[in-house]
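The values are calculated or read from the model by the stated rules, or taken from the named source; none is laboratory data. Remember, predicted model here, so these are calculated numbers, not experimental data. Using ideal geometry, Cβ is built from the backbone for each residue, glycine included, and neighbour counts are taken over all protein chains shown.
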Amino acid sequence: MVSSQNELSQSKAYQLPIDVFAIVSFICSLYYFYLFTILIDSRNFPVTSFLNRIIGVGILNGVDTAIRTKFYLFAIISTGVLAIFLVIAIEKYFSKIMSNGLFNAERNYLAFFSILGITNLFLFFISKNHLFQFNLHLIFTLMCCLIFLIIVKNYSIKFHKSEGFLKDFHFMHIFFTIPFVTSFLFLVLKNDGFIIDFYSLVIYFYQFLILIIIYYIYLPKINIRIFDPNYRNILICSLVPICFYPVSIPLTNELQFWLSRWLFIDARILSLIIFILFIMMSFMLYHYQLKEKRAYINIESCQNNYVLPAILSALIIFSNYVSGGSFTQVLRGNVFEHGLTSTVIQQLFDYGAFPQIDIANPHGFMDIYSPILYSFINGYYPFDCFLWSWITPLLVALLSYFLLKEFMEGSTAFFLVIFLPLLGILPDEHCIIIFLSAILFVKFLRNSHLCNFILLELVILFGITLRPEAGIASLFAVLLITFLMIYSKLGTDIKKNLNFIFPYCISTITILIIFGFIFIFLCYISDTPLISPIIRIINMYIINDPSGTYPDLFSNYDIKVVLQYALFPLFSLSILVFFIWSLLFKRNSFNYQLIIIVFISIASLFLSQRGIQRHSLMESFSLFYTLVLACLIPFVWCQQKKIFSIIFLIIILICGGLITQIPLNSFQTDFSNSFFSFNNWHEHENRVQIHKNEFNEYNGVYDLGIYLQQFLKHNETYYDLSNFLLPFTILRKEYIPHSVITPNAGEWFQNETIQSLRDNLDNIPIVITGGWHIDGIPTEFRNYRIAEYIYNNYRPIGKIDMFEVWLRNDLNQNLYTPNLGQVESIPFLIETPEIHNIKIENKNSSIILQSENDDPYIANLIFNRSYIQKILSASTTLNLFYYSDTNGQIQIFYSINGSPYCEKNSMFGNIYESKSEENLFSITIPHEINNITSFRMDPPNNSNLTLRSGFITPSFDFKLDTKINRDFSLKKLPYIWGTFDSYSMFLKKPIMSLLKEGGMNIGNNEPILFSNIPNIIDKKSGNYLYLRIKSDEAGDISIKYGNDPQSQEIPAIINFNLHPNYKSVDYLIRISSQWEWYQEVKYFELVSSVPIFLEKFEILKGD
């Protein structure tokens, strides 16, 4: 509860008329921005006479700059005149009728809404988001209601002068709430799509006007009890059930669907029945309270803890609710993330695999709790279960409201959540746990009852389960603040400290024992060793420790990195230091609001290490709660100046969002468009449909599912190393490994996975690789032991879009090859090319393109067939092998049946500087394009591009050679999500081949060939390349290897950075993580971009 002196509505009279200035600023801002929209539209200032020309030609569609300049001056002057007039008029009016203190709350809220209006007006013009325009309509409606409230109240003073009756602004909130409920009832009765348009707002206003007239003018004449504050309290408490009706409207759809398995009831009729039930509950509550002559709930608590959260919940659910539809609509097309989460849920309901026990989910239960809840209630459907994803934003919004309510009154917090873009600064996966823990911790500090402590413990324990790092961050914050406060209060007296914490320790041990028994029971029924889930989860989080950072990071960093890892941590740390200082020297200078800020600061500091852990300072991973802290700080020391605090909050929010480039997203949506409609289901049917065309950009996930469905038997499954797990859910297949996340390099994780694959080898005929490589690092590098197991037990037989299909060695390839007809790569030719600002040169079977700086392009890249007919594939891929002297964007146009090139039939991609090594550029043509006759390519301006070869392949290709295309670049390892094992022990491994010893100087870009490769190399346990190199400057090393250095085939390549040092540096590379190593290797070629001294080059036996 917030004490009354903190309330906005009870603020003292202003020294400055901030309300007058706020209202005038809002009106003038609306007026000037309206004129500004006229000013920037050139159609409003046409040149109407040929005499008004600038040069000696006629101007068509010109702008009369003189008139526009005059209009600008008119806008400025008229806005200033309007402002002066309004300041004088409003100040005189307020001084005349609102100087007696009865209208302080109304004046404050007019100022508050004016500030919110100016903010939304500014946000609308800088973001062009129509949500802020809709917010302006709402704010203007609320201000009109307040103005008429002032008029009616002022008129009612003539009839009754009960000050308590007139100043009871808590009761006045019900005038805003009841029209909100009845407006949604009207939309239900209307039986059409829900839209809040101009007429809806007008109806709301008239409802409000009727209510205040009845309350202030007519009701006092017929019911004298209205002057009794206890009676008014009873009335408000009785209306609480009705306030929850808007929340029930979208949930009625879910109730109708749940009932449809037994009987059919129209959803709209069901909603009206629920409304009648709420009315009956209100009457019953009114009757029993009147009988006992007391309200069950305090009026302030009723408003802040029930009425406003109910309205907020309705708005958030309506903003995020989806009743059904396509895969893209429900899951927003996130194939990767939902592949992980949907697989975990599917394994639970299809195979009884417990999350975090049998199978580890990287985000804990945070991503899967709502689908699991849906499935328990409605039954499991693979994608329908994600329909309840609105629960998470609802929890975030409610917790944000209750957090802000610790700093201000409830209605102020409510309008800030609704009208300000706060969602963008909240990482919703963490803040649910951290905000709830902070609120409960402060509640415990206010009342150190054991029940409050147990509730806090349960939330933190569940938080660790829901999202481990957020739960641990909350636990760390609780322990640190508790220790500091106990030390400050009790000092070093051990006996006092023990006596104080003893009952809390006993309750903690009891709860841990109960959770321990639950964990043991789940492990027992799932036949899982107790230590296995613990090690699996620890491995998932700990294994990503960084091993280094870029050598040139100091001179090559993103400005966001400085914000994230230098300035923002110091800001959070300064808050913690101030709190410690307050405890030690100024013990009465802090309050509970400051404790909440310190709590979030500690949690944010704890979480910030995850960004360093994952990305090792290369980019800003997340800003966490820095902006939240900055927005909350003004409310700690400005409790008597709420309006100024809100202004500071808005300035910090907008400026912080612009600096950090966080999207200014709001909790609610634009309700001026259709946002809800009732649905009726008859037989509990599927609500989410999957269509092939929804997977256009997901590189054959749908086609991969079709292939696996065709060639996997009922009791068989497959192993995935592509990070796209969605086919497991589509096919309802069992996932054999124990963790759905693959970017790990830990020994324990890999060995456990390999053991599972060995145990189930007979049931896993197929392995899928390729797909998406997280952070651009091939999955085979991170999981080299798993990759080597696949290389030894499976062989590649074909590809489906970006996926490779591997078949177990003992199986017949013909039985797993689809009948695709004649499939072959189609090389391109250039015949009479059309060029623009580009020079062409044919050299050594390559095409050299030298681009100029004005839209260079080459067209008529045609093929040795009249057209290309795509064969049984979701997409066709254009592949170009190139050298380039620059990084840049390239645009590819394709002509369909000889049609002209156009932007619609084009795609963008990126090429990268590569002077010494060949790069592959691939671009996938959408599935609906079938007949392609030619291409046009627009390279970057002022670039030199050498095309060595190019070809087009259909997505399905089962005449694949053994080449697996990967960017095996160690330039990003170990800098991104990679951990090397300690390699000192591996240097003692047996030497399989000594390629070079004794030292040699190598010049920059000088290729050195090593052909002394033994015919037989033991590759069963893997192999390492070991190099000892001395380099005075930073550079790159490229190592190529293959069967024949004269062959035109692209060799296998590994790249890595050189670390400059005055001493020699050891480099150890797990070469066996590449499939090409298992082919016949006859040579190595080493090229360095800078001069180096090579001391050793060896092939070592793996472990």
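For the range 87-124, what are the residues that are assigned to a helix (DSSP H, G or I), more than 39 Å from the chain's Cα centre (by Cα) and surrounded by fewer than 18 Cβ atoms within 10 Å (Cβ to Cβ)?
V87, I88, A89, E91, K92, Y93, S95, K96, I97, listed by residue number.
Tell me, which helices (runs of 4 or more DSSP H) lie completely within the range 399-466 with 1 or more residues that are over 22 Å from F112 (Cβ atoms) and of a type in the set (A, V, I, L, M)?
Correct list: 428-446, 450-466.
Would you be able to tell me the number of residues in the range 388-398 that are in a loop (DSSP other than H, G, I, E, B) and either without any contact (Cβ under 8 Å) to a residue 40 or more places away in the chain or of a type in the set (A, V, I, L, M, F, W, C) (or both)?
Of the range 388-398, the ones in a loop (DSSP other than H, G, I, E, B) are 389-390.
Cutting the leftovers down to either without any contact (Cβ under 8 Å) to a residue 40 or more places away in the chain or of a type in the set (A, V, I, L, M, F, W, C) (or both) gives us 390.
The number of residues fulfilling the criteria is 1.
Please specify each residue of the range 765-805 satisfying the condition of being over 12 Å from L721 (Cβ atoms) and either assigned to a loop (DSSP other than H, G, I, E, B) or of a type in the set (G, A, S) (or both).
P765, G776, I777, G798, D801, M802
One residue is enough: does the range 879-896 have a residue meeting the conditions modelled with pLDDT of 85 or more, assigned to a strand (DSSP E or B) and touching a helix residue (DSSP H, G or I) at 6+ places or on another chain (Cβ under 7 Å)?
yes
Exactly one condition in (1) out of contact with any Pro (no Cβ under 9 Å at 6 or more places or on another chain); (2) at pLDDT 85 or above; (3) small (G, A, S) is false for S1031; which is it?
With (1) out of contact with any Pro (no Cβ under 9 Å at 6 or more places or on another chain); (2) at pLDDT 85 or above; (3) small (G, A, S) applied to S1031, the lone miss is (1).
Checking the structure you have, find out if any residue of the range 1031-1039 is without any contact (Cβ under 8 Å) to a residue 60 or more places away in the chain, surrounded by fewer than 22 Cβ atoms within 10 Å (Cβ to Cβ) and part of a loop (DSSP other than H, G, I, E, B). Outline the logic, then answer.
Filtering the range 1031-1039 down to residues without any contact (Cβ under 8 Å) to a residue 60 or more places away in the chain leaves 1032-1033, 1035, 1037, 1039.
Retained after the next criterion (residues that are surrounded by fewer than 22 Cβ atoms within 10 Å (Cβ to Cβ)): 1032-1033, 1035.
Filter once more, so that each one left must be part of a loop (DSSP other than H, G, I, E, B): 1032-1033.
Taking every residue of the range 1031-1039 in turn, at least one turns out to be without any contact (Cβ under 8 Å) to a residue 60 or more places away in the chain, surrounded by fewer than 22 Cβ atoms within 10 Å (Cβ to Cβ) and part of a loop (DSSP other than H, G, I, E, B).
Any residue in the range 1043-1061 that is without any contact (Cβ under 8 Å) to a residue 60 or more places away in the chain, surrounded by fewer than 17 Cβ atoms within 10 Å (Cβ to Cβ) and in contact with a Leu (Cβ under 8 Å, 6 or more places away or on another chain)?
yes
Select from the range 279-297 the residues that are among the basic types (K, R) and outside any loop (DSSP other than H, G, I, E, B) and list them in ascending order.
Keep residues of the range 279-297 that are among the basic types (K, R), which gives 291, 293-294.
If the condition is that a residue be among the basic types (K, R) and outside any loop (DSSP other than H, G, I, E, B), then K291 is the only one that fits.
Can you pull out every residue in the range 318-360 that is assigned to a loop (DSSP other than H, G, I, E, B) and either closer than 21 Å to P393 by Cα or aliphatic (A, V, I, L, M) (or both)?
Narrowing the range 318-360 to residues assigned to a loop (DSSP other than H, G, I, E, B): 321-324, 332-334, 352-354, 356-358.
Scanning the range 318-360 gives Y321, V322, S323, G324, R332, G333, N334, A353, I357.
Of the residues that make up the range 826-840, is at least one modelled with pLDDT under 75, among the polar types (S, T, N, Q) and either over 18 Å from Q1074 (Cβ atoms) or not assigned by TED's automatic domain parsing to the domain that holds I1071 (or both)?
yes
Can you find, within the range 1062-1081, the residue that is farthest from I790 (Cα to Cα) among those that are free of Cβ contacts under 8 Å to residues at least 60 places away in the same chain and part of a strand (DSSP E or B)?
By that ranking, first place goes to V1065.
Looking only at the range 1003-1015, which residues are in contact with a strand residue (DSSP E or B) (Cβ under 9 Å, 6 or more places away or on another chain) and exposed (fewer than 15 other Cβ atoms within 10 Å of the Cβ)?
Step one: filter the range 1003-1015 for residues in contact with a strand residue (DSSP E or B) (Cβ under 9 Å, 6 or more places away or on another chain), giving 1003-1014.
G1003, N1004, N1005, E1006, P1007, L1009, S1011, N1012, P1014, listed by residue number.
Could you check the range 189-278 for helices (runs of 4 or more DSSP H) lying wholly inside it with 3 or more residues that are modelled with pLDDT of 85 or more and either closer than 30 Å to L146 by Cβ or within 38 Å of the chain's Cα centre (by Cα) (or both)? Before the answer, list the steps.
On the way: elements: 198-213, 219-222, 229-243, 245-259.
Passing ranges, in order: 198-213, 229-243, 245-259.
Any chance the range 363-370 includes a residue that's modelled with pLDDT under 85, buried (at least 19 other Cβ atoms within 10 Å of the Cβ) and assigned to a helix (DSSP H, G or I)?
So far as the range 363-370 goes, no, none of its residues is modelled with pLDDT under 85, buried (at least 19 other Cβ atoms within 10 Å of the Cβ) and assigned to a helix (DSSP H, G or I).
More than 23 Å from Q289 (Cβ to Cβ) and touching a residue at least 24 places away in the same chain (Cβ under 8 Å): which single residue out of N191, N230 fits that description?
Numbers: N230 fails: more than 23 Å from Q289 (Cβ to Cβ).
N191 is the lone residue from the list that is more than 23 Å from Q289 (Cβ to Cβ) and touching a residue at least 24 places away in the same chain (Cβ under 8 Å).
Got a sec? Which of L849, L807, L811 is in the same structural domain as T924 (by TED's automatic domain parsing) and either in contact with a helix residue (DSSP H, G or I) (Cβ under 6 Å, 6 or more places away or on another chain) or modelled with pLDDT of 80 or more (or both)? Show your work before the answer.
On the way: L807 fails: in the same structural domain as T924 (by TED's automatic domain parsing); L811 fails: in the same structural domain as T924 (by TED's automatic domain parsing).
After ruling out the rest, the residue left standing is L849.
Assuming P974 fulfils every condition listed in (1) under 28 Å from V1090 (Cα atoms); (2) outside the structural domain of S1064 (by TED's automatic domain parsing); (3) at pLDDT 65 or above; (4) assigned to a loop (DSSP other than H, G, I, E, B) apart from one, which condition is it?
Only one criterion is unmet by P974, namely (3).
Among the residues of the range 442-459, what is the count of those that are without any contact (Cβ under 8 Å) to a residue 24 or more places away in the chain and either within 21 Å of S604 (Cα to Cα) or out of contact with any Phe, Trp or Tyr (no Cβ under 6 Å at 6 or more places or on another chain) (or both)?
Narrowing the range 442-459 to residues without any contact (Cβ under 8 Å) to a residue 24 or more places away in the chain: 443-444, 447-449, 451-452, 455-456.
Going one step further and asking which of them are either within 21 Å of S604 (Cα to Cα) or out of contact with any Phe, Trp or Tyr (no Cβ under 6 Å at 6 or more places or on another chain) (or both), we end up with 443, 447-449, 451, 455-456.
Qualifying residue count for the region: 7.
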